[in-house]
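Student: Following this message is one structure expressed as structure tokens.
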């Protein structure tokens, strides 16, 4: 255990605890209203939104998993980069409209919108449940990120004393989220993002120079690692998978409840547009992080005797913390590891708030307690946010980490199936809610089946079409099928004059 | 209320689709040459499109402001 690293780490941790609790007073308002607790009063300006969305999308798990992917899988792991390039044009075109509609009708969640748009609480329930189920393993993965950091600080990787720091981190997270709502991750995100940027820039400046610069690094990497396999006659190979994985993940991202929550918390469409112009700056950091995977590969960090046990315990996931430990003095190791740990708390907090909003609005208020007061509604959301995190904690403590990773993979496929209902709804009321529900159910079932074929190890399905083997992301195939089925079912209902067109949203909300 | 036409328009959509096409055309950039400072094309091309996507988002933003 390195005392300097631990001291710096703890000091930064205490700082964000204080910040988390003080946030309740920031832009003071009545936190007994869900709009205030769960959306920060929709008042976040351009800068705070930048930090919030940045803190939300580039999670601790990203910093651990992306270099791990490149370290282990080479070019395929680089899909995170086209993914972040695709995200912003997509959300730029779609989400400001959702913001306007939500503001007009005081919607808190995307499922709120679906419920009113199609006058269908049942379709909204399906959307809300998908969101909650997809978010839970994502929260669990953030705790995995914290686990890796705790081990890197020198705590035992197993047993009671290995788990105590995780419990402490969990209690801190739960308490400040409960008290301050979305204001807590928003203010902590500022500290987190600064720490992350300092760490990554230092890593990318210091380490490659130590192993001879980027040109030398790329020369030492085997060619089959550097590029995707070429397209052979009759087989698109990994290239179609790479493309569909990047595109499918980008489309899925904007549907995740924690993304919707951060977007709806902004001050307005203007704020969002400006934000997405400057958010790619963060993706640049992600690109550098991805390259760190190769730096770790060439530096052979896994063979350094002091680090070998960690690689044995965590595999490639230790690539990034391993670089920190191998090349930096104690105080900086503390900063870097704190960046990852705090980088886990911010999204975990937003995710639990988002899942709590969904449960409260679209399950509790729609089905269990229609006449609830605003105060009861907010209390329920606060309690559910605790419950959701507790679920994630049990997951991590009692089940193998592998499960969380596999479920998160599955969650990405599931969340993508809410696309037709939400995104098509923003543009048109042509679809019938029952058609959307049936298409959602069938595509979701197919997605789970296809993932089960790989033993939940991979998210790839190989379609054979006209003699061509076309491997692609399962979620991508599923959402295309989903969309086609929704069109088909709606056509059938319309032909049979059975469709319903009830819409509780106002026309002027779409033109605003 | 008169129907206000406000949004990206086809030009805005066009601006937004440029960076998307650039990173989706994998067969065109799945290669080592030409290298830049020893970094294979596959990597620097995709990293390059991160800041470039900002430029195109800004162009699309300009369309929205004009139509307001």
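The values are calculated or read from the model by the stated rules, or taken from the named source; none is laboratory data. Nothing here was measured: the structure is a model prediction, and the numbers come from that model. Glycine also receives a Cβ, built like all others from the backbone with ideal geometry; neighbour counts cover every protein chain displayed.
Student: Just checking, which of A:229, A:222 is more than 30 Å from residue A:94 (Cβ to Cβ) and facing chain B (nearest Cβ under 10 Å)?
Tutor: Values: A:222 fails: facing chain B (nearest Cβ under 10 Å).
Sole residue among the options that is more than 30 Å from residue A:94 (Cβ to Cβ) and facing chain B (nearest Cβ under 10 Å): A:229.
Student: Hey, any hits in region A:486-505 for a residue that's within 25 Å of residue A:76 (Cβ to Cβ) and either free of Cβ contacts under 8 Å to residues at least 12 places away in the same chain or touching a helix residue (DSSP H, G or I) at 6+ places or on another chain (Cβ under 8 Å) (or both)? Walk me through how you get there before you give the answer.
Tutor: Start the filter on region A:486-505 by keeping residues that are within 25 Å of residue A:76 (Cβ to Cβ), which leaves none.
Within region A:486-505 (the criterion being within 25 Å of residue A:76 (Cβ to Cβ) and either free of Cβ contacts under 8 Å to residues at least 12 places away in the same chain or touching a helix residue (DSSP H, G or I) at 6+ places or on another chain (Cβ under 8 Å) (or both)), the answer is no, since none of the residues qualifies.
Student: Does residue A:472 fit the bill of being farther than 27 Å from residue A:102 by Cα and either within 14 Å of chain B (Cβ to nearest Cβ) or in a helix (DSSP H, G or I) (or both)? If you could, list the steps in order and put the result at the bottom.
Tutor: Details: farther than 27 Å from residue A:102 by Cα: yes; either within 14 Å of chain B (Cβ to nearest Cβ) or in a helix (DSSP H, G or I) (or both): yes.
It is true that residue A:472 is farther than 27 Å from residue A:102 by Cα and either within 14 Å of chain B (Cβ to nearest Cβ) or in a helix (DSSP H, G or I) (or both).
Student: Which of (1) over 28 Å from residue A:329 (Cα atoms); (2) away from chain B (no Cβ under 14 Å); (3) without any contact (Cβ under 8 Å) to a residue 24 or more places away in the chain does residue A:174 not meet, given it meets every other one?
Tutor: (3)
Student: Would it be correct to say that residue A:163 is closer than 30 Å to residue A:294 by Cβ, modelled with pLDDT under 85 and under 27 Å from the mean Cα position of the chain (by Cα)? Can you show your working first?
Tutor: Numbers: closer than 30 Å to residue A:294 by Cβ: no; modelled with pLDDT under 85: yes; under 27 Å from the mean Cα position of the chain (by Cα): yes.
Criteria not met by residue A:163.
Student: Would you pick out the residues in region B:17-39 that are modelled with pLDDT of 90 or more and at the interface with chain A (Cβ under 8 Å from one of its Cβ atoms)?
Tutor: B:17, B:19, B:20, B:22, B:23, B:24
Student: Oh, and also: Check off (1) more than 13 Å from chain B (Cβ to nearest Cβ); (2) under 18 Å from the mean Cα position of the chain (by Cα); (3) within 30 Å of residue A:151 (Cα to Cα) for residue A:49 and give me the number that stays unchecked.
Tutor: Unmet condition: (3).
Student: Output the residue which, of all residues in region B:43-68 that are surrounded by fewer than 19 Cβ atoms within 10 Å (Cβ to Cβ) and facing another protein chain (nearest Cβ under 7 Å), is farthest from residue A:291 (Cα to Cα).
Tutor: B:64
Student: Is it the case, given these coordinates, that residue A:97 is out of contact with any strand residue (DSSP E or B) (no Cβ under 6 Å at 6 or more places or on another chain), surrounded by fewer than 24 Cβ atoms within 10 Å (Cβ to Cβ) and within 11 Å of another protein chain (Cβ to nearest Cβ)? Show your work before the answer.
Tutor: Numbers: out of contact with any strand residue (DSSP E or B) (no Cβ under 6 Å at 6 or more places or on another chain): yes; surrounded by fewer than 24 Cβ atoms within 10 Å (Cβ to Cβ): yes; within 11 Å of another protein chain (Cβ to nearest Cβ): yes.
In short, yes.
Student: Here is a follow-up. Quick one: in region B:3-16, of everything that is within 9 Å of another protein chain (Cβ to nearest Cβ) and over 17 Å from residue A:276 (Cα atoms), which residue is modelled with the lowest pLDDT? Spell out the reasoning first.
Tutor: To start, the set of residues in region B:3-16 that are within 9 Å of another protein chain (Cβ to nearest Cβ) comprises B:3-8, B:12-13, B:15-16.
From what's left, over 17 Å from residue A:276 (Cα atoms): B:3-6.
Values: B:3: 39, B:4: 43, B:5: 47, B:6: 58.
Among them, the one singled out is B:3.
One line per residue, one yes/no per condition, for (1) away from chain B (no Cβ under 13 Å); (2) buried (at least 22 other Cβ atoms within 10 Å of the Cβ):
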{"residue": "A:252", "(1), (2)": "yes, yes"}
{"residue": "A:273", "(1), (2)": "no, no"}
{"residue": "A:301", "(1), (2)": "yes, yes"}
{"residue": "A:313", "(1), (2)": "yes, no"}
{"residue": "A:328", "(1), (2)": "yes, no"}
